[in-house]
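The values are calculated or read from the model by the stated rules, or taken from the named source; none is laboratory data. Just so it is clear, the structure is predicted and the values come from calculations on it, not from any experiment. Here the Cβ is made from the backbone with ideal geometry for all residues, glycine too, and neighbour counts use every protein chain on show.
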Amino acid sequence: MASDLVVMARTLVQAGKGILAADETPRTIGKRFEALGIPSTAQTRRAYRELLVTTPELQEVISGVILQDETFRQTTSSGLPFARALIQRGMLPGIKVDTGAKPLANAPGENVTEGLDGLRERIAEYVGLGARFAKWRALISIANGTPTRACLAANTHALARYAALCQEGGLVPIVEPEVLMDGDHSIETCFAATITTWRAVFAELADQRVALDAMVLKPSMILPGKQHSVQATVDEVGRRTVQGLRQTVPAAVPGIAFLSGGQSPELATRHMHAINALSPQPWQLSFSYGRALQDPALSAWKGEARNVGHAQAALLHRTRCVAAARDGAYNPAMESAYADDSQRLSSVLV
């Protein structure tokens, strides 16, 4: 089993591909639907996730897809469970197993992610349903006096216990410590908070005897806060992020799949290119984007069946751009090329 997990971890971060995060809760995706006038029901959410995972040629640039419990238990319009549909298309099915962040006691403004109760049994059920990997997200905020030691201790301990349970149960754990972009902090402040977080994560993983070669790290990039008066250049983000990784992440980890964390699709792509321009590194430097891949597709779809081809074309194009950036081969001209060719692509994909 251990060797199987190592192979799956390497598959998730293989060259030229990334991970699609489509694991928003019904409440979260409902807010995005509402903004576009799309009703949020189990059926519309199923239809949207189906158009994502059935996009032709997506398997050429996506290695795995993270789903949420609702979608994982649904079937496609052809009657296939989503996990089986992904496997048939050459992508690994993943599942979000945390139950969300809740306020941390005696720590105003900070949260702890919950979901450890009954996790061993839920992992066994998800494995039976076809899951190959899992995800658990911890939220770390930067403000005056935060992150506190209490917040880091609670969240990193939970991440490590989750990872150990996943490996015991036959899933590759994606370990996601997200240092939030919210705030007016500088990139220097983010750098300090982020490497402190990553060091705490790997200390706890060692304590829980997690096999580093059978996991994937899903961190945020090192960025200034969204409200900071001076925004960093793309190259500085790439340099600071790689510098932080080299100070904290053991080489045994097969790969790092960055989250987009509220960045625009194009900026997240440019940052991915800048990070990979600094190779070689001891790990595969990949992506596990949610909104940065999905937003163009969701905007094109608008809840209308007649727009599925346009939405799939938008998703495939966006993902190809990020995959090119992941290999250090992104060129901004790729963006305008899609604008000129979107009608042809959508007609091919319908």
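Can you pull out the residues in the stretch 33-48 that are among the small types (Gly, Ala, Ser) and either in a helix (DSSP H, G or I) or buried (at least 16 other Cβ atoms within 10 Å of the Cβ) (or both)?
Ala35, Ser40, Ala42, Ala47
Taking interchain pairs and intrachain pairs at least six residues apart, which have beta carbon atoms under 8 angstrom, with the first residue in the stretch 12-24 and over 20 Å from Ala297 (Cβ atoms) and the second among the hydrophobic types (A, V, I, L, M, F, W, C) and not in a strand (DSSP E or B)?
Between residues of the stretch 12-24 that are over 20 Å from Ala297 (Cβ atoms) and residues that are among the hydrophobic types (A, V, I, L, M, F, W, C) and not in a strand (DSSP E or B), the close pairs are Val13/Trp283; Gly16/Val61; Gly16/Ala323.
Name every residue in the stretch 306-337 that is over 21 Å from the mean Cα position of the chain (by Cα), farther than 28 Å from Ala47 by Cβ and not hydrophobic (A, V, I, L, M, F, W, C), in order of residue number.
Selection gives Asn331, Pro332, Ser336.
Being surrounded by fewer than 20 Cβ atoms within 10 Å (Cβ to Cβ), under 23 Å from Arg320 (Cβ atoms) and either at pLDDT 95 or above or among the polar types (S, T, N, Q) (or both) narrows it down to one residue among Gly16, Gly79, Gly30; which is it?
It is Gly16.
Mind checking whether some residue in the stretch 282-299 is acidic (Asp, Glu), surrounded by 13 or more Cβ atoms within 10 Å (Cβ to Cβ) and modelled with pLDDT under 90?
no
List the strands (runs of 3 or more DSSP E) that sit entirely inside the stretch 55-110 and contain at least 1 residues that are farther than 19 Å from Arg10 by Cα and either over 21 Å from the mean Cα position of the chain (by Cα) or among the aromatic types (Phe, Trp, Tyr) (or both).
101-103
Is the stretch 21-30 home to any residue that is in a strand (DSSP E or B) and within 15 Å of Gln68 (Cβ to Cβ)?
Yes, some residue in the stretch 21-30 is in a strand (DSSP E or B) and within 15 Å of Gln68 (Cβ to Cβ).
Criterion first (closer than 21 Å to Leu259 by Cα and surrounded by 14 or more Cβ atoms within 10 Å (Cβ to Cβ)) does Gly109 satisfy it?
No.
Look at Val175 and say whether it is surrounded by fewer than 20 Cβ atoms within 10 Å (Cβ to Cβ) and of a type in the set (Val, Ile, Thr).
Against the criterion (surrounded by fewer than 20 Cβ atoms within 10 Å (Cβ to Cβ) and of a type in the set (Val, Ile, Thr)), Val175 does not qualify.
All but one of (1) buried (at least 16 other Cβ atoms within 10 Å of the Cβ); (2) modelled with pLDDT of 95 or more; (3) more than 30 Å from Arg209 (Cα to Cα); (4) not β-branched (Val, Ile, Thr) hold for Leu278; state the number of the condition that does not hold.
(2)
Quick check on Leu51: is it in contact with a strand residue (DSSP E or B) (Cβ under 9 Å, 6 or more places away or on another chain) and crowded, with 17+ Cβ neighbours inside 10 Å?
So Leu51 does not fit the description; no.
Name the pairs whose Cβ atoms lie under 6 Å apart, with the first residue in the stretch 235-264 and of a type in the set (Ser, Thr, Tyr), the second part of a loop (DSSP other than H, G, I, E, B), and 6 or more positions between them or separate chains?
Thr241/Met221; Thr241/Ile222
Going through the stretch 222-255 one residue at a time, which ones are more than 30 Å from Ala211 (Cβ to Cβ), of a type in the set (Val, Ile, Thr) and either surrounded by 15 or more Cβ atoms within 10 Å (Cβ to Cβ) or at pLDDT 95 or above (or both)?
Matches in the stretch 222-255: Thr233, Val234, Val237.
Any residue in the stretch 196-219 that is in contact (Cβ under 8 Å) with a residue 12 or more places away in the chain, in contact with a Ser or Thr (Cβ under 8 Å, 6 or more places away or on another chain) and part of a loop (DSSP other than H, G, I, E, B)?
Yes.
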